[in-house]
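As structure tokens, the structure follows; a few thoughts come after it.
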Amino acid sequence: MDNKIDTAAEVAEAAALPRLHEVHSGQGACAGLSAVPERLNRPIKGKSPAQWAYERLILYIQNFEKQLDGEHEVAMGFTGGDAGVLRIEGMGYFDPDIVTFYGSDAQGGRTQLIQHVSQLNVMLRAIPKPKASAPAHRIGFRLVQELEQDEPGAHDRAAASE
């Protein structure tokens, strides 16, 4: 049982709908998010920080990929330490506060980054795709499709049945 008493301001803030605001230079170097899926336009209350971080990162990844040509894929650079760049091949979260990224590093080695949401600080980068003849891999579109089609908790039920 949670004995924490929230102030009226904390209750109102927790129940608020998420907001998005971006300003860009107009130089064409980047385009911001233009639409947020209906599933993310719901009150914040009831989602863990990990789920919120996961869902919003998906939108940013997809938006970044929309701006890439067919010769580049999205990767993440991480601040602090020598983590380097990770070609994004998968992403997930573990409630209440862990986000994880799966992929490969610049040498093709299998990579997984597990990060607490309070330390989340990523940079999306365009990197050349590994095989010139293969189509560019677009993880963002697949992640958004999963986000829009899944019922909340579907992954929890699937994991419990395995």
Given the conditions (1) modelled with pLDDT of 70 or more; (2) surrounded by 10 or more Cβ atoms within 10 Å (Cβ to Cβ), report the number of the one that Ala15 does not fulfil. (1)
Can you go through Phe78, Phe101 and tell me which one is under 22 Å from Gln119 (Cβ atoms) and modelled with pLDDT of 85 or more? Phe101
Out of all the residues in region 115-162, which are surrounded by 11 or more Cβ atoms within 10 Å (Cβ to Cβ), among the hydrophobic types (A, V, I, L, M, F, W, C) and modelled with pLDDT of 75 or more? Val117, Leu120, Val122, Leu124, Ala126, Ile127, Ala136, Ile139, Leu143, Val144
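The values are calculated or read from the model by the stated rules, or taken from the named source; none is laboratory data. None of the values given here were measured: they were computed from a predicted structure. With ideal geometry, Cβ positions are generated from the backbone for all residues, glycine too; neighbour counts draw on all protein chains shown.
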